1. Multiplying the sequence separation of A:T101 and A:F120 by 0.36 nm and subtracting their Cα-Cα distance, what value in nm do you get?
2. Determine the shielding of peptide B:229-240 by partner chains: average, over its residues, the number of Cβ atoms on other chains within 10 angstrom of each Cβ.
3. Any lysines with Cα under 25 Å of the A:K99 Cα? List them, leaving off those in the same chain fewer than 8 positions away.
4. Under a Cβ-only charge scheme (Lys and Arg +1, Asp and Glu -1), can you give me the dipole magnitude of the stretch A:3-108 about the Cα centre, in debye to the nearest 20?
5. What residues qualify as long-range amide H neighbours of A:V65, i.e. H under 5 Å apart, gap of 5 or more or another chain, H built at 1.01 Å from N?
6. With +1 on each Lys and Arg Cβ and -1 on each Asp and Glu Cβ, how big is the dipole of chain B about its Cα centre, in debye rounded to the nearest 20?
7. State, in angstrom, two size descriptors of the stretch B:297-371 derived from its alpha carbons: Rg to one decimal place and Dmax to the nearest whole number.
8. What residues have an amide H closer than 5 Å to that of B:G63, excluding those fewer than 5 places away on the same chain, when H is modeled at 1.01 Å from N in the peptide plane?
Amino acid sequence: MTLKFTPDHEWLQLEDNGNAIVGITVHAQDALGDVVFVDLPEVGKSYAKGEVAGVVESVKAAADVYMPIDGTVTEVNEALRADPALANSDPQGAGWFFKVTVANRAQFDELMDDVAYTKFSDAA
Amino acid sequence: MSDAPTSAAALQTTPLNALHRELGARMVPFAGYSMPVQYPAGLMAEHQHTRTAAGLFDVSHMGQLRLVGADAAAAFEGLMPVDVIDLAVGKQRYGLLLNEAGGIMDDLMFIRREADIFVVVNGACKVADIAHIQAAIGTRCEVIPMPEMALLALQGPQAVTALSRLAPGVEKLVFMTGGHFVVNTGTQSIPVFLTRSGYTGEDGFEISVHHTQADALARALLAQPEVKPIGLGARNSLRLEAGLCLHGNDIDAGTTPVEANLLWAMQKVRRTGGARAGGFPASDSILAAIDSPAPGSRKRVGLVALERVPVREHTVLQDLNGNTIGEVTSGLLGPTVDKPVAMGYLPVEFAALGTRVNAIVRGKIVPMEVAAMPFNPTHYFRG
């Protein structure tokens, strides 16, 4: 199970089938505060890395969720849509956002590992 | 996701700065001050705590001033479309400072005291307000800024229980009245001037205290079992559910009291036919707009989204044919009402309760309906 992080404070975890699960990090949900709404991407739609794939809103702020790699969305977390607070209570577990195919493995591999991300988010 | 930019500009601090940090507050720049936006409990919990128990807010960034002199009430009345002269000693009122075009420079609270009029204005406007008041009426009364005073707000259904334990007698005040009291913390007696009012829609108090005693007062209040610290984030969601305007968002120097739908703040005595009609900035055009509303003129309304999507400030509002007709000025998912609520401006033709409009959120239509405010019932103590 390979875990990667983006400078936009998202995490990606590689599944056995080669797809990636995407969510926001503990640091991201902490900066946002209580999440009250999420907008998730369309299943079956292809995105390029960096495109806006969704939105996460707390009572005080809204933030875009970016597609971290090129790929096609295979599944979204309907439980999160129904209970956005999962993004706060379990951001790197039950609060995942969507699953996406990994069209370009090199894009995935060059993302930060947990050591690099911890350094990055501590500096932010 | 990206972190909000942090301001490098030198920020002022309030007398409670050390306490905020001790309590683990997340500090943000606001009105030139470093202010707590939330404590570790988080905005939702802080909001709900204020609605059910008592919340303590540091609002020391706000401006406090006194107007002194026999002519102070008449002079101050000339700057606002409200009745100052007939306000009895001990009574508080909401006021609107108008510019020459009739725009709202600031909204404020004032209370008549034995020897002066005590005024509280918004933090972001206080320097301009004081300069304006000084220039306009400084020859008729003394305009005395009070930078030495801090301001705390204690809000919520149990605020009176908590405060009256330390300051017996405050429970006798009714909404929009005030007086001098002494708060006994157990180790010191702190003189304060307080009013039974606030910005949450709940019962509560705003407490003016000398900056050297603000920390001791705040700690004494936080030691009461009902009281928790509340940040500016919850203050905003509380005031929006209560239907109260935020200056700079919902009203500003380009908005008249008529457009802002704040006619309730203009007592009859200052309106057409009243004993002291007019005599405030742009009174001719404002009274004309009240007496014969112009078609197409805009009006502040309450809005509720019919889908569970927060609709934020600057969101475009369209009619059902896709024509842009207005804009949202404040909006969020109301934690108590548990639905997306907003304020915004629409042409008067679209301002009737129940009118359907569409908000355009990230390119998608979110249906909204014009709704009555407050969104959450207010619980003021009227005796």
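1. Full extension of this stretch gives 4.2 nm more.
2. That works out to 1 on average.
3. The reachable lysines, counting only those whose Cα sits under 25 Å from A:K99, are A:K4, A:K45, A:K49, B:K364.
4. Around 260 debye, computed over the stretch A:3-108.
5. A:A53, A:G54, A:V55, A:V56
6. Value, rounded to 20: 540 debye.
7. So, for the stretch B:297-371, Rg and Dmax equal 10.8, 33 Å respectively.
8. For B:G63, the qualifying residues are B:V121, B:N122, B:G123.
Read-outs: derived from the displayed coordinates by stated rules, not from any lab. This is a predicted model, so every value here is computed, not measured. Backbone-built Cβ (ideal geometry, glycine too); neighbour counts: all protein chains shown.
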